[in-house]
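To start, the structure itself, in structure tokens.
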Amino acid sequence: MAARRAGPNSVKLNRTYDVAELAARLGVHKNTVRHWQRDGLKPLDSGRPVLFHGATVRAFLSSRSASRKSPCPPGTLYCFKCRSPRSPALGMVDYIPINATGGNVRAICAACETVMHRRAAKASLATILPGCDVQIAQAPPRLKGSPSPSLNCDLERQATI
Ligand SMILES: [Zn+2]
């Protein structure tokens, strides 16, 4: 896991920051700041170096974390490509147990066919994915990884496109 990031409140409202300053202030990589800019973080103006106003940065980050925290409605998983909760294609879901009570849910996005993942307690499957056809994958007792490596590779490749 990444080191704990400083919260948006470490950005001063009445200051402007260039990309490097903002990255240092928030403990993120400069590329992360550039991603934010592409995702809608507005710079002060079109001048160089690119400067961001502290208040704008805070508003951007808090709206982002709010949308990130929003739980997926029942019957959906979060699709990182669509950036929204999506229904599994054909209502088909794989559940891969990690331990006795919890595991990963995997499904294909009905909209863009990206593989979606979601952590779930086994007991909650019927609640979070009502009406879905949940296939419980058998966890191999000693081997690490998937019981069907070739299928897994295909899915991984799709996930990174
Ligand atoms: Zn999608």
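The values are calculated or read from the model by the stated rules, or taken from the named source; none is laboratory data. Values in this document were obtained by computation on a predicted structure and should not be read as measured data. Don't worry about glycine lacking a Cβ; one is built from the backbone with ideal geometry, like all the others, and counts go over all protein chains shown.
Side notes on the structure shown:
- Here segment 110-136 is the region considered, the condition is being assigned to a strand (DSSP E or B) and touching a Pro at 6+ places or on another chain (Cβ under 8 Å), and the residue that is modelled with the lowest pLDDT is Ile136.
- Some residue of segment 64-87 being surrounded by 13 or more Cβ atoms within 10 Å (Cβ to Cβ), at negative phi, in contact with a Gly (Cβ under 8 Å, 6 or more places away or on another chain) and small (Gly, Ala, Ser): yes
- With respect to being away from the ligand (no atom under 16 Å from the Cβ), aliphatic (A, V, I, L, M) and modelled with pLDDT under 90, Ala139 fits the description.
- Matching option when the condition is surrounded by 16 or more Cβ atoms within 10 Å (Cβ to Cβ), touching a His at 6+ places or on another chain (Cβ under 9 Å) and among the β-branched types (Val, Ile, Thr), among Val105, Val115, Val93: Val105
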